[in-house]
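The structure under discussion appears below in the form of structure tokens.
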């Protein structure tokens, strides 16, 4: 560590993507992923582009720069060093159980379900080739804890056990330790 001051962040403010046309963006972000289209205004740095704002479900923003002269050119993104590999969005388990059928209804190819131990996910590409992941955690953090708190505790348990990746048993042990740490008069 260094004595230089840090810049403490408090969460993702927004993510901005470069899109094609306005309608392609609305059709995907709202029409497929159900993110309400909140508002639109000019891109204040480029008058040839519009700036569309969508709510991904947590009140934060996904924004898309659009230009009516740009058509969708589907290509794999996220392969170059320094580029965004994929965006992951949280869904409920109930929705996740229907994702394959819903993607099929939109004729969107996907990876199929991926078991990640502590979560499940599925991958597919947006109309421009950006890799999108939909995922749900297989646990709920105890009251007063965040997902990140459970994950770092589970990681420490996994490393101490010499296990390859975080599994349900590590999550369960982390949650158990967190709930046992609650204050009680019987100790």
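We did not get these values from a lab; they are worked out from the coordinates using the rules stated. Worth saying up front: this structure is predicted, and the values here are computed from it rather than measured. A quick note on method: Cβ atoms are made from the backbone with ideal geometry, for glycine too, and the neighbour counts reach across all protein chains shown.
Quick rundown of the values:
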| quantity | calculated |
| --- | --- |
| Angle in degrees between helix 93-105 and the longest Cα principal axis of the chain, rounded to the nearest 10 | 30 |
| Where a label projected 7 Å from the Cα of residue 116 along Cα→Cβ would reach, residues of the stretch 57-89 with amide N under 13 Å | 86-89 |
| At 1.306 mPa s and 10 °C, Stokes diffusion of the stretch 84-138 via Kirkwood alpha-carbon radius, µm² per second | 140 |
| Projected label distance in nm at residue 39 and residue 133, using a 7 Å step from Cα toward the beta-carbon | 3.2 |
| Simple label model, 7 Å out from Cα along Cβ direction - residue 165 to residue 147, nm | 1.7 |
| For the stretch 15-112, radius of gyration divided by Kirkwood radius, i.e. Rg to Rh on alpha-carbons | 0.97 |
| Förster radius 45 Å - calculated FRET efficiency between residue 72 and residue 10 (Cβ-Cβ, nearest 0.05) | 0.85 |
| Taking only Cα atoms of the chain, radius of gyration then Dmax in Å | 20.2, 69 |
| Fluctuation leader among 159, 12, 84 - the chain, Gaussian network, Cα springs under 10 angstrom | 12 |
| Highest-fluctuation residue, 164, 53, 123 considered, GNM on the chain with Cα pairs under 10 Å | 164 |
| Relative contact order of the chain, pairs being alpha-carbon contacts under 8 Å that are 6 or more residues apart, as % | 16 |
| FRET efficiency, residue 107 to residue 181 (Cβ-Cβ, R0 41 Å, nearest 0.05) | 0.25 |
| Antiparallel bridges, percent of DSSP beta bridges restricted to the chain (to nearest 5) | 70 |
